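The values are calculated or read from the model by the stated rules, or taken from the named source; none is laboratory data. Computed from a prediction, not measured in an experiment: that's the story for all the values here. No Cβ is skipped: glycine too gets one built from the backbone with ideal geometry, and neighbour counts run over all protein chains shown. SASA here: full protein model, heavy atoms, side chains in, ligands and nucleic acids out. Shrake-Rupley method; radii C 1.70, N 1.55, O 1.52, S 1.80 Å.
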Amino acid sequence: MAEAASSIPTHTKAWYYSEHGSPDVLKLDPNWPLPELKDDQVLIKVVAASLNPIDYKRMNGLYKDYDPHLPTVPGFDVAGVVVSVGREVHKLKVGDEVYGDINEEGVTNLKALGTLSEYTIAEERLLAIKPPNLSFVEAAAIPAALETAYEGLERAQFSAGKSILVVGGAGGVGHFVIQLAKHLYGASKIAATSSTGKLELLRKLGADWAIDYTNENIEDIAEKFDVVYDTIGEPDRALKAVKEGGKAVTIIPPGLPPAIFFVLTSKGSILDKLRPYFESGIVKPLLDPKTPVPFSHLAEAYSYLETSRAIGKVVVYPIPN
């Protein structure tokens, strides 16, 4: 049972794939059936949705051993408006502008209905009220990347006065790691890597030392760091840049002990905790120049994301009615 506004939809326009492969397996369904709303869930009219590397990795079949859903509507991140709430939903109400990562357990128990859809469904605990100063496009760019950045820093026990090297500082997760390390944790020194053309961007984000990975190898740098946060899947090199007693964090499977490897657990409470930093403009989502991507160009957007040339986040907007 749900409390709802009038004219609650039973179907949604959605991109989906029924076989694993490259983004050209995506098809548009104008009439995808919406599952029944559970007591702890809300139905969201999607306004914007951002893309994450996990989307195309899932599409390629990387997680098929524990992701049995086919056909699947991709998408983790959403920003939109609540149109219906389950009877055990107590904080959110119809009309609320919300954002969040709708898949709680990273790569397990993934939803068959993602966010690249006119409507989607998520548990209340995974969502937060959108800061009013952020557009839906900006809000959609935040959840999975920000929550991953934060959880990694927490797992590394990062704290004021420590130094950090962010490997892949201009990416979706990396640009938030830099900003959180500076403004939330009070890092003593922030170094970050990127290609030549993105070095000035790293400095604008808050990096004290922008390292051109095309000219320097991080393992060859004489200076070592309290924490190295690897966002690109090179934990072997990250470990060589860590001080004795320091920690390396990596978010790309399979990881490499003793580097700390984790898969995000989505929590709306993290978005709530960090809300003041977005409301004040201290922390900002970085949008790729191709943003916003029209809903009709989704396959091309995923192909672009696969090149690893994206800066910050790629967001799809508007999601059509």
message = Taking θ = phi - 60°, what integer Hz values does the Karplus form 6.51 cos²θ - 1.76 cosθ + 1.60 yield along region 250-261, in sequence order, with x for Gly and Pro?
response = 9, 10, 9, x, x, x, 7, x, x, 4, 7, 10
task = Quote the Stokes-Einstein diffusion coefficient, in whole µm² s⁻¹, for region 1-107, based on the Kirkwood radius over alpha carbon pairs, a temperature of 4 °C and a viscosity of 1.567 mPa s.
result = 86 µm²/s
key: Rounded accessible area per residue of region 160-264, 1.4 Å, Å²   = 42 Å²
query = Between the DSSP loop rule and a limit of at most 16 other Cβ atoms within 10 Å, which chymotrypsin sites (Phe, Trp or Tyr not before Pro) in region 66-119 are left?
reply = Y66
request  = Take peptides 240-251, 137-148 and line them up by average Cβ neighbours within 10 Å, highest first, as a rough protection proxy.
outcome  = 137-148, 240-251
query = Can you give the helix-only mean residue ellipticity at 222 nm for the chain, where every DSSP H stretch with n ≥ 4 adds -39500 (n - 2.57) and the sum goes over all residues, rounded to the nearest 500 deg cm²/dmol?
reply = -6000 deg cm²/dmol
inquiry  = Based on alpha-carbon centroids, what's the gap between region 100-161 and region 256-321 in Å, whole number please?
reply    = 9 Å
task = Taking every pair of Cα atoms in the chain, average 1/r, invert it to obtain the Kirkwood radius, and report Rg/Rh to two decimals.
result = 0.97
Extended-chain gain in nm, criterion 0.36 nm per residue less alpha-carbon gap, K240 and K204 = 10.3 nm
request  = With 5 Å bins from zero, work out the P(r) of region 147-261 over every alpha carbon pair and list the percent per bin.
outcome  = 2, 14, 27, 28, 20, 8, 1
inquiry  = Using a 7 Å offset from the Cα along the Cα-to-Cβ direction at both D24 and D65, what is the distance between the two label points in nm, to one decimal?
reply    = 2.9 nm
ask   = Pairs K93/K273; K111/K224; K247/K284; K91/K189; K38/K267: which are spaced more than 29 Å apart, C-alpha to C-alpha?
value = K111/K224; K91/K189
ask   = Got a sec? Which residues in region 256-270 would a label at V107 touch, if it sits 7 Å along Cα→Cβ and we count backbone N under 15 Å?
value = 256-257, 261-265
task = On the protein heavy atoms, probe 1.4 angstrom, tell me the percent of accessible surface of the chain carried by carbon and sulfur.
result = 51 percent
